[in-house]
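Enquirer: First, the structure itself, so that you have it in front of you.
The values are calculated or read from the model by the stated rules, or taken from the named source; none is laboratory data. Remember, it's a predicted structure, so these values are computed and weren't measured experimentally. Cβ: placed from backbone, ideal geometry, glycine included. Neighbour counts: every protein chain shown. Areas reflect the complete protein model, heavy atoms only, side chains present, ligands, DNA and RNA absent. Shrake-Rupley method; radii C 1.70, N 1.55, O 1.52, S 1.80 Å.
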Amino acid sequence: PCPATVSYLLSCGLSPAAASACKRRIRSTAKADAVRALLRTYGYTDADITEVVRRDPSILILDSDRILRPKLNLFASLRVKPRTLATAPTLLTRSLDKHLLPCIQFLRGIIGVDSDVSSAICRAPRALHQADLDKNMRPVVDALRRLGLPDKSISKLLTIDMCVLTISVDRITQIFDDIKALGLGVTDTGFVYGVSRFCRLSRETCLRKVALYRSFGVSEGDLQKAIKRQPTILGFSDESIKKKLR
């Protein structure tokens, strides 16, 4: 590691280990200082800036006015809190015109009002970074419609968990089949929560948790009723499930 870079990262609040592990060299402390100053004008606290630098030190080498300011303006207009971006600073490295604006415009068309778009981003900021408009977002929404999920439910699903836009169409189809097998229909209130929970877990994990509930004597009928009312029960850890059922 470059001693000057390590020294600067230490001044940003990073631990010696984190600073020494950085592979990005900071060649201009003036540019890095400008980035930190800009972040402060948008409401970032020192703790937020430390988090940004810890997660992605490359932010410090970006042009503060030409690259960062327009993106910060965009997120500020959506009322996305600095703390949210501090946990996913790689969003600030994505292209404004080629990625962020097209993706957000697409979300507006599905979700509706900007306040709900903001809620979706705040709940899953990394999903906005990871999802590709043409490879993931459009195909997944088309698949949800093809599988019978009403537009109103699609809007709700993306608002509560935008991570669904990062998985494959084949996995979406599999999730629908598995949730329907548990007794939930696409028009049931809990269906979108089931999709949200299943998309964050592998199929094997979901089926293992179902088997775990049944191993405690929960009948298939009662388990279906429980999942229909509260699909998030599949999100508990195995140890939590065992402890609570005991």
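Enquirer: Please go through segment 108-129 and give me each residue that is assigned to a helix (DSSP H, G or I) and over 14 Å from the mean Cα position of the chain (by Cα), ordered by number. Spell out how you get there, then give the answer.
Expert: Of all residues in segment 108-129, those assigned to a helix (DSSP H, G or I) come to 108-111, 114-123, 125-129.
Correct list: 108, 109, 110, 111, 114, 115, 116.
Enquirer: Pick from segment 6-44 the residues that are of a type in the set (Lys, Arg) and either part of a helix (DSSP H, G or I) or touching a Phe, Trp or Tyr at 6+ places or on another chain (Cβ under 7 Å) (or both): which of them is least open to solvent (accessible area, probe 1.4 Å)?
Expert: Step one: filter segment 6-44 for residues of a type in the set (Lys, Arg), giving 23-25, 27, 31, 36, 40.
Imposing the further condition that a residue be either part of a helix (DSSP H, G or I) or touching a Phe, Trp or Tyr at 6+ places or on another chain (Cβ under 7 Å) (or both) reduces the set to 31, 36, 40.
Details: 31: 88, 36: 33, 40: 108 Å².
Ranking the candidates gives 36 first.
Enquirer: A further question follows. Report yes if residue 47 is small (Gly, Ala, Ser), open to solvent by 50 Å² or more (accessible area, probe 1.4 Å) and either touching a residue at least 60 places away in the same chain (Cβ under 8 Å) or within 20 Å of residue 2 (Cα to Cα) (or both), otherwise no. Before you say what the answer is, go through the steps one by one.
Expert: Details: small (Gly, Ala, Ser): yes; open to solvent by 50 Å² or more (accessible area, probe 1.4 Å): yes; either touching a residue at least 60 places away in the same chain (Cβ under 8 Å) or within 20 Å of residue 2 (Cα to Cα) (or both): no.
For residue 47, the condition - small (Gly, Ala, Ser), open to solvent by 50 Å² or more (accessible area, probe 1.4 Å) and either touching a residue at least 60 places away in the same chain (Cβ under 8 Å) or within 20 Å of residue 2 (Cα to Cα) (or both) - is not met.
Enquirer: Before we move on, is residue 159 open to solvent by 30 Å² or more (accessible area, probe 1.4 Å) and among the polar types (S, T, N, Q)? So that I can check it myself, show each step before the final result.
Expert: Numbers: open to solvent by 30 Å² or more (accessible area, probe 1.4 Å): no; among the polar types (S, T, N, Q): yes.
No.
Enquirer: Can you tell me which residue in segment 50-87 is modelled with the lowest pLDDT, limited to those that are farther than 27 Å from residue 4 by Cβ, basic (Lys, Arg) and assigned to a helix (DSSP H, G or I)?
Expert: Only one residue tops the list, namely 83.
Enquirer: Between 85, 78, 60, which is open to solvent by less than 10 Å² (accessible area, probe 1.4 Å) and touching a Pro at 6+ places or on another chain (Cβ under 9 Å)? Walk me through it before giving the result.
Expert: Details: 78 fails: touching a Pro at 6+ places or on another chain (Cβ under 9 Å); 60 fails: touching a Pro at 6+ places or on another chain (Cβ under 9 Å).
None of the others qualify; the one that does is 85.
Enquirer: Can you list residue pairs whose Cβ atoms sit under 7 Å apart, with the first residue in segment 221-240 being closer than 16 Å to residue 196 by Cα and the second being charged (D, E, K, R) and in a helix (DSSP H, G or I)? Count only pairs 6 or more apart in sequence or on different chains.
Expert: If the second residue must be charged (D, E, K, R) and in a helix (DSSP H, G or I), the pairs left are 231/197; 232/197; 234/197; 234/209; 235/197.
Enquirer: Another one. Going by what's in this entry, would residue 98 be described as assigned to a helix (DSSP H, G or I) and surrounded by fewer than 14 Cβ atoms within 10 Å (Cβ to Cβ)? Working first, answer last.
Expert: Numbers: assigned to a helix (DSSP H, G or I): yes; surrounded by fewer than 14 Cβ atoms within 10 Å (Cβ to Cβ): yes.
Considered against the rule, which asks whether it is assigned to a helix (DSSP H, G or I) and surrounded by fewer than 14 Cβ atoms within 10 Å (Cβ to Cβ), residue 98 comes out as yes.
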